[in-house]
Amino acid sequence: MSELLRATAIGTDLTRVEGPAKVRGRAPYAYEHPLEEPLHLHPLCATIARGRVSSIDASAASALDGVVRVITHHDAPRLADTDDGELAILQDERIGFRGQYLGAVLAETPEIARQAADLVVIETDAEHHDAEFRPDHPGARAPEGGADDVRTGQFDTALAAAEIVLDQRYSTPIEHNNPMEPHTTSARWDGDTLTLWTSTQGAHPAKQTLAPILGIDPERLRIISPHVGGGFGSKGLPHADMMLAALAAQVVPGRAVKYAVTRQHMFAVTGYRAPTSQHVRIGARVDGTITAFGFDAVSMSSRTKEFPEQAIKPARQMYAGAHRHITQRVLPLDVAVPSWMRAPGEAPGMVGLEIAMDELADACDLDPIELRARNEPELDPDTGLPFNQRRLLDCLREGAERFGWAERDPRPRSHHQDGWLIGTGVASATYPAFRQPGSKALIRSVASGYEVAIGAADLGTGTWTALTQVAADALEVEPEQIQLAIGDTALPHATVAGGSTGLASWSAAVITAGRAFRREHGTSPAVGAESTGEAGKNPAAQELAMHSYGAHFGQVRIHEPTGEIRLDRMLGVFSAGRIINPRTARSQFIGGMTMGVGMALHEKGELDPRFGHVVNHDLAEYHVPVNADIREIEAHWLDEEDPQAGPLGARGIGEIGIVGAAAAIANAAHHATGVRVRELPVFGDAFLPR
Ligand code: MOS
């Protein structure tokens with residue numbers, strides 16, 4: 001167990017240290033870095049879902065005043081490695097999905113670039129494409145790298161013999177990351193060195209991915225990303241937009257190329273959450289004890305690059321049940337490449353599982369919280385390991401208390417008010433606690449205090465602030481004495497802000513460096529004294545099943561004559577280890593819960609199988625929740641620390657807020673109306689008479 005860092009600055013609600021710079025416009029986002037006479041890029045994109053480019057006529061575009069270059073697969077720089085189908089753009093004439101990059105126009109202004117792109121005539125030979133996701137498609141198969149199925153005991157026999165059997169299918173749609181700041185990259189080659197000013201959740205990981213594909217030494221690629229205007233996973237892995245900027249800049253050496261992906265095009269090229277179908281089969285005794293547990297998920301993937309949306313992940317560890325059958329399949333189609341979106345796997349997977357648990361509670365005539373209490377596993381059913389701090393029931397019980405769950409009449413349609421049916425629902429939350437090894441930190445004493453350098457990322461989530469607090473406690477000084485530097489590959493290596501691992505992983509390096517600094521230089525160091533630290537592996541991760549837990553409670557009202565559905569209130573209670581900054585943490589939790597509301601009630605990418613693209617590709621037609629949709633939202637957390645998680649005692653909070661939130665709302669809608677919706681989002685027409 002690590003020696004826990006003593007909390008002095010940690011736990012205080014320090015306001016965002018970069019806040020004043022942001023409101024004064026002095027904190028540059030990716031597009032805003034001042035670069036001399038940049039060129040502006042507008043992409044050329046595929047308008048068919050599958051086929052080949054047969055000809056490109058760029059003469060009219062090239063003739064336009066202000067156009068500097070048009071590049072296509074004919075003249076784009078060659079990549080050293082084309083194995084990554086998403087990133088290997090402009091290398092040949094093949095088209096794998098609608099919206100895929102086929103080229104780029106470089107011009108003196110963004111307007112000219114866009115106009116010129118419209119003038120490029122691209123002829124294509126279309127091939128038959130398949131862009132219709134259906135779970136019984138014969139093309140569904142185990143993910144690349146092999147199936148990771150769970151088959152424990154005699155599932156079929158136990159299910160057949162069960163007193164109560166639940167057998168239902170649930171589905172979640174395509175969902176899109178919509179950070180306020182679109183994906184943006186400025187690129188410039190100076191000799192054999194490439195600099196990217198971009199918006200990324202991990203500067204160093206992006207460098208490690210892109211450099212070998214470009215065929216350059218990673219030391220010749222610098223990525224600068226001090227401020228990120230939202231990243232929910234779509235900025236976690238580098239997408240082809242960064243590659244396009246890098247390739248385009250290569251043909252105009254010494255000149256910067258600026259590229260901001262349009263909101264519409266973000267629906268095709270920057271990753272999205274794949275739709276899933278979930279078949280849940282649970283056998284239980286009449287007292288609610290689960291005997292057989294089955295969860296079979298299929299997710300859509302892309303023939304251009306595989307990405308399994310692992311909806312089975314939470315089913316592996318959430319509840320007891322001796323006989324288990326859990327499988328994940330993918331269906332690769334001629335569609336854009338899916339990728340990470342907040343709590344990949346867990347967020348959709350807990351929709352089917354937690355609605356199923358609500359249905360099972362009904363079937364057993366049990367309170368849904370009591371049902372979960374009766375199915376708490378002793379050990380992790382997945383690994384057989386003990387849990388670190390499994391406080392699911394504490395979260396459910398504290399949430400029930402705060403929400404007023406005891407006053408609820410469990411019968412559906414039992415609460416009415418002025419033509420509205422009112423219902424409440426509950427669901428569990430979970431997310432694994434990882435800590436990534438390999439981040440490094442450098443601490444140097446300066447006249448005014450200490451410079452702390454690490455290539456970490458702040459997605460708007462509070463890294464600048466929280467890591468300042470951690471560094472202050474590691475050095476046992478005030479936060480005002482810390483000058484943090486993050487978001488640059490010129491700084492020591494840092495792992496990605498992904499999988500809710502960021503702060504715990506980077507802090508392990510900062511704490512190690514801080515402790516080393518005091519050991520090596522004492523409390524009155526000379527100016528210029530330096531120490532480094534590196535985050536190691538968490539040895540506890542081998543011996544314990546490390547997860548966070550939580551509970552969501554929601555109340556909705558449904559207008560009987562019209563089916564209009566409104567969220568009245570949301571409450572979340574989380575067990576996530578130590579909370580570093582309650583101000584930024586609360587924001588993370590309610591941000592996740594708000595995205596859960598989006599999953600429940602608003603968000604659905606409509607894939608048109610005729611064309612293979614998402615047609616509602618803007619914020620007018622793809623709805624995300626706004627303030628008027630949220631009303632009352634509260635997040636609380638258990639007062640705890642988790643020394644098994646590392647010296648910070650924290651397990652990460654970026655994702656757990658979204659997990660289970662949608663199911664709590666769907667369950668509330670059932671309680672209100674008696675209608676069980678198993679397909680997200682829950683639209684009001686489900687409640688109208690048929
Ligand atoms: Mo997040 S989906 O872990 O980048």
query = Which entries in the list K235/K305; K207/K313; K313/K440 go over 26 Å, if you measure between the two C-alpha atoms of each?
reply = K207/K313; K313/K440
task = Any chance you could run the full-extension gain for F611 through E123? It's 0.36 nm times the residue separation minus the Cα-Cα distance, nm to one decimal.
result = 174.0 nm
query = Each label point is 7 Å from the Cα along the Cα-to-Cβ direction; what then is the distance between the points at D13 and R52, in nm?
reply = 6.3
key: Theoretical FRET efficiency, 1/(1+(r/R0)^6), r = Cβ-Cβ of K22 and R690, R0 51 Å, to 0.05   = 0.50
ask   = Which value, to two decimals, describes the C-alpha radius of gyration of region 101-169 once divided by 2.2 N^0.38 Å?
value = 2.32
task = Give, in nm to one decimal, the length gained when the segment between H73 and E219 is fully stretched (0.36 nm per residue of separation minus the Cα-Cα distance).
result = 49.9 nm
remark   = Quick P(r) readout (region 568-616; Cα-Cα; 10 Å bins; whole %) gives 20, 35, 22, 16, 7
task = For region 323-428, just say rounded, prolate or oblate: build the C-alpha gyration tensor, square-root its eigenvalues into a ≥ b ≥ c, call rounded for a/c under 1.5, and beyond that prolate if a/b exceeds b/c, oblate if not.
result = oblate
message = Only sites in a loop by DSSP and with at most 10 other Cβ atoms within 10 Å count here; which GluC sites (Glu not before Pro) in region 363-421 make the cut?
response = E378
query = At a Förster radius of 22 Å, what calculated FRET efficiency corresponds to the Cβ-Cβ distance of D65 and E93, to the nearest 0.05?
reply = 0.15
query = So how do I56, I558 rank on accessible area, 1.4 Å probe, biggest first, that is with the largest at the start?
reply = I56, I558
query = Using a simple spin-label model with points 7 Å from Cα along the Cα→Cβ vector, what separation in nm is obtained for D136 and A447?
reply = 7.7
ask   = Taking one equal scatterer on every alpha-carbon of region 74-232, how large is log10 of I(q)/I(0) by Debye at q = 0.12, 0.19, 0.20 1/Å?
value = -0.86, -1.53, -1.56
ask   = Within the accessible area of the chain, what % is carbon and sulfur when the probe is 1.4 Å and the other protein chains stay in place?
value = 48
ask   = From the square roots a ≥ b ≥ c of the eigenvalues of the alpha-carbon gyration tensor of region 403-475, which class results: rounded (a/c under 1.5), prolate (a/b over b/c), or oblate?
value = prolate
query = To the nearest 0.05, what FRET efficiency results for D148 and L385 with a Förster distance of 30 Å applied to their C-beta separation?
reply = 0.95
message = Which trypsin sites (Lys or Arg not before Pro) in region 606-658 sit in a loop by DSSP (not H, G, I, E or B) and have at most 16 other Cβ atoms within 10 Å of their own Cβ?
response = R610, R631
query = On average, how much accessible surface per residue is there in region 501-603, in Å², for a 1.4 Å probe, leaving out ligands, DNA and RNA?
reply = 33
query = Using the Kirkwood radius built from alpha carbon pairs, what does the Stokes-Einstein equation give as D for region 619-687 at 37 °C and 0.692 mPa s, in µm² per second?
reply = 213
message = At a threshold of 8 angstrom on Cα-Cα distance, excluding pairs fewer than six apart, so keeping six or more, what relative contact order does region 577-653 reach in percent?
response = 46
inquiry  = Please compute the per residue accessible area over region 75-232 with all protein chains in place, 1.4 Å probe, rounded to a whole number of Å².
reply    = 45
request  = Tell me the Kirkwood hydrodynamic radius of the chain in angstroms, computed as one over the mean inverse distance between distinct C-alpha pairs.
outcome  = 26.3
message = Could you tell me the relative contact order of the chain? Use alpha-carbon pairs under 8 Å, at least six residues apart, and round to a whole percent.
response = 17
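The values are calculated or read from the model by the stated rules, or taken from the named source; none is laboratory data. Note that this is a predicted model, so its numbers are computed, not measured. Please note: Cβ atoms are built from the backbone with ideal geometry, for glycine as well, and neighbour counts cover all protein chains shown. For accessibility, only protein heavy atoms count, side chains too; no ligands or nucleic acids. Shrake-Rupley method; radii C 1.70, N 1.55, O 1.52, S 1.80 Å.
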